[in-house]
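Heads up: the structure comes next, in structure tokens.
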Amino acid sequence: MRKRIEFYIEKGNIEDHLELLEMSDACQWLIDTNFTLLSFNKVYVRHMQLFANKTPSIGEMDIVLACFPKDFADNVLGMYRKALAGEVVKTMEKGFKEDGTEADVMMIFHPVFGDDNSIIGVNCMRTDISEYLQAKIQLEEKENRIAQISWQQSHLFRGPLSTAMGIVNLLIEEISNRSLSDEECKELIFAMNVKLFELDQVIRHISKQASH
């Protein structure tokens, strides 16, 4: 049986292949064109024991096809056949963690080619991507907040800033032309101070939103 497994490994020796399998947190297994198990890692064993109440063995039919509900098994069988036809198959679906809670699961099936370039099996992986998707959602929410802040910056800043800039221009003109009385200059400075305070409040509001 060991020689048979070696034949189906595309690259490297069998020791390297099995070591790589055990280093992975994903559920991984390898089947031949008859859907016979050629290798698998401990995660696959634990998964099958938990969800199928069966311990896998090299040389037996893939447990998913033999022991899982027909609708699920038929779905996996369809993906196996696509991979055996040369397609790299990727699918995302709902599944379960080992503690029974719901999980977002990705399954990937890669065709394995022999020396003559014919397809001799399928390398399979099932991995829980729930944490990745949650992080993706959080990142998207953060990006939405940033977009909202940008919108606020362009709209909330415009009014007070335009007014303050107008006042500054008037004061510059007054310095040049002496066209305003001292009292009028004081009123302009006071008005500019009000607008600058409004800008400060906008900045505080945006900073508060960005920190959540």
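For the reader, a short list of remarks on this structure follows.
- In the set (1) surrounded by fewer than 13 Cβ atoms within 10 Å (Cβ to Cβ); (2) among the hydrophobic types (A, V, I, L, M, F, W, C); (3) within 19 Å of Asn41 (Cα to Cα), Ala85 fails one condition alone, (3).
- Counting only residues that are at pLDDT 85 or above and more than 31 Å from the chain's Cα centre (by Cα), the stretch 1-31 holds 0 of them.
- Within the stretch 42-97, the set of residues being modelled with pLDDT under 85 and of a type in the set (D, E, K, R) comprises Glu93, Lys94, Lys97.
- In summary, Gln152 fulfils each of the numbered conditions (1) modelled with pLDDT under 70; (2) within 29 Å of Lys208 (Cβ to Cβ); (3) within 13 Å of the chain's Cα centre (by Cα) with the single exception of condition (3).
The values are calculated or read from the model by the stated rules, or taken from the named source; none is laboratory data. None of these values were measured; they are calculated from a predicted model. Cβ coordinates were reconstructed from backbone atoms using ideal geometry, including for glycine residues, and neighbour counts include every protein chain displayed.
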